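Accompanying notes for the structure given below.
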Amino acid sequence: MPLKRTNPCLLYPVVPLRKYHLIQMLDLLLMPKATHLECSTCNSRYPADAPNNLCTCGSPLLVRYDFSVIRHRWLRRDVSSGPATMWRYGPVLPVSPESIVSLGEGWTPLLRARRLGARIGSESLWVKDEGLNPTASFKARGLSCAVSMCVELGIRKLAIPSAGNAASAMAAYAAAAGLEAHIFMPRDVPQANYIECKAYGAHVTLVDGLISDCGRIVAERGTEEGWFDISTLKEPYRIEGKKTMGYEVAEQMGWELPEAIFYPTGGGVGMIGMWKAFDEMERLGWIGSRRPKMIAVQAEGCQPVVRAFEEDEPYSRFYDGARTIASGLRVPKALGDFLVLNAVRESGGTAIAVSDEEMLGAGAQLASDEGVFAAPEGAACVVAAQKLIANGFLKPADRIVLYNTGSGLKYLEAYSTRFPRTAANEQDKLGGLITPR
Ligand SMILES: Cc1ncc(COP(=O)(O)O)c(C=O)c1O
Ligand SMILES: [Zn+2]
């Protein structure tokens, strides 16, 4: 039996329940769920209520809903009375309320960054701080949704190849749901990712290679072991969780999308998800047809999407010798690269690469200017924004949202190259004065 974990009533804010809330909760329970899964390339259809990975043509599947029904039953003004998590967008997520596995993901702050904005030439700079999610990264959104769907579909053994943060999130949600987690990640992932996964009780394998090598192992062993493959875009549910970043930014900006969104792009799920969210919101009648310029930010040492964008190619090529401290951006070839490139091109955006040194410098600047200690991936967006304002691609008055996809606290090895502790010996690292010697 799948484990039903969360009472949907608990997902609502702790406020006195009024009749209105009860009616709304009932409506949410009865709201039609996903109608089917649709291939992103050949448009083949698959049932929404059975486990599925890729289409037979090898492309990712996307979850589809009947917006002609939902738009009449879930109004924009209703959203604010939902829970202060990403599940406030429950009617456009594929999970039934009784299967939801939540640790409080989403509804992260959108912060106005005035001091940093002035420094980089922006009059309207905002940071969406995803570092405040459970497991300190935006991966919580995708994995909350994917693990919830596993609960719903009765899947009990999950496997994931990960650059680091997705592994931590999967381990946490699998633990919360009582499911088995098998994790494959590069041997040199940040220490935080390894320790978290072990603490959450996952089966962890460190691989001498990149996320692409980890993915190969999961694909080879998955069927025999009975694992459901939660690789980026090899199942349709992580996108659904991540698309809530798009709903949220619209809601937090009063349903007026910004002029530009900077997104640190590895596998590109967040970018694809937000692009899907904007389309869905238009179908719901919540926003118009204007879109933000979608800007894919990558690392100089691993920039397959930037290269394909500059070469005007629809797909990226495998990026040899991928290397960067921004471990989440160390994805040499993404399955959904063509979807990312589509979003960037259709939106009139661009793709840009940033060096590791620039990321660490911008991370320190963002921290000291605004009090937000960002992952290098998030800090990369600051550098990219500064460059695109300086070269005139964006105007100072444009409303710019930078996605800080994780907390800097998960990258202490990388940041310690910038802030070395000269006096620290091993004992001090364990707690200094309060540790008995
Ligand atoms: C902190 C951080 N930012 C960005 C990314 C890239 O995410 P996506 O796969 O959505 O492009 C990752 C992926 O691991 C990450 O951990
Ligand atoms: Zn297909």
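Per residue, how big is the convex hull of the range 47-181 when only Cα atoms are used? Give it in Å³.
Expressed per residue, the convex hull around the Cα atoms of the range 47-181 is 174 Å³.
Given R₀ = 30 Å, what would the calculated FRET efficiency be for ARG307 paired with ASP188, taking r from the Cβ atoms and rounding to 0.05?
On the way: r = 24 Å, r/R0 = 0.79.
In this case the efficiency is close to 0.80.
Once you order the gyration tensor axes a ≥ b ≥ c over the Cα atoms, which shape class does the chain get: rounded for a/c under 1.5, otherwise prolate or oblate by comparing a/b with b/c?
Note, shape of the chain comes out rounded.
For the chain, what is the relative contact order in percent, using Cα pairs closer than 8 Å and at least 6 residues apart in sequence?
16 percent
Could you check what % of the DSSP bridge pairs in the range 51-203 are antiparallel, to the nearest 5?
For the range 51-203, the DSSP antiparallel bridge percentage is about 35.
Return the aspartates and glutamates within reach of LYS198: Cα separation strictly under 16 angstrom, same-chain partners fewer than 8 residues apart disregarded; answer none if there are no such residues.
Within the straight-line cut-off, LYS198 pairs with GLU180, ASP188.
Which entries in the list LYS33/LYS333; LYS33/LYS410; LYS276/LYS333; LYS234/LYS333 go over 24 Å, if you measure between the two C-alpha atoms of each?
The pairs that break the limit, which is 24 Å between Cα atoms, are LYS33/LYS333; LYS33/LYS410.
Relative to a virtual label point 7 Å from the Cα of GLU259 in the Cα→beta-carbon direction, which members of the range 326-357 show backbone nitrogen distances below 14 Å?
Counting only backbone N, you get 349.
Sum -39500 (n - 2.57) across every DSSP H segment of at least 4 residues in the chain, then divide by the residue count to get the 222 nm mean residue ellipticity, nearest 500.
It comes out at -11500 deg cm²/dmol, rounded to the nearest 500.
Using alpha carbon centroids, what distance separates the range 295-346 and the range 221-242, in Å?
21 Å
Express as a percent, rounded to the nearest 5, the fraction of DSSP beta bridges in the chain (both residues included) that run antiparallel.
On the way: 13 of 43 bridges.
Antiparallel: roughly 30 percent of the beta bridges in the chain.
Can you work out the FRET efficiency for the pair ASP213 and ARG345, with r the C-beta to C-beta distance and R0 = 35 Å, to the nearest 0.05? Numbers along the way, then the final one.
Values: r = 30 Å, r/R0 = 0.86.
Efficiency, from the Cβ-Cβ distance: 0.70.
Given 0.36 nm per residue, what is the gain on full extension from ASN391 to LEU206 after removing their alpha carbon distance, in nm? Please list the in-between numbers first.
Numbers: separation 185, 0.36 × 185 = 66.60 nm, distance 4.20 nm.
Here the answer is 62.4 nm.
On a straight-distance basis, which aspartates and glutamates could pair with LYS128 in a cross-link, Cα separation under 12 angstrom, same-chain partners fewer than 8 positions away excluded?
GLU248
What's the FRET efficiency of SER80 with ASP49 using the Cβ-Cβ distance as r and R₀ = 25 Å, to the nearest 0.05?
Rounded to the nearest 0.05, the efficiency is 0.25.
Round to a whole angstrom and tell me the spacing of the C-alpha centers of the range 177-204 and the range 97-135.
About 25 Å separates the Cα centre of the range 177-204 from the one of the range 97-135.
Picking from ILE352, ILE287, ALA169, whose Cα lies most toward the positive end of the charge dipole for the chain (charges on Cβ: Lys, Arg +1; Asp, Glu -1)?
Ranked along the dipole, the leading option is ILE287.
None of the figures in this text is laboratory data; all of them are computed from the coordinates on show. Remember, it's a predicted structure, so these values are computed and weren't measured experimentally. With ideal geometry, Cβ positions are generated from the backbone for all residues, glycine too; neighbour counts draw on all protein chains shown.
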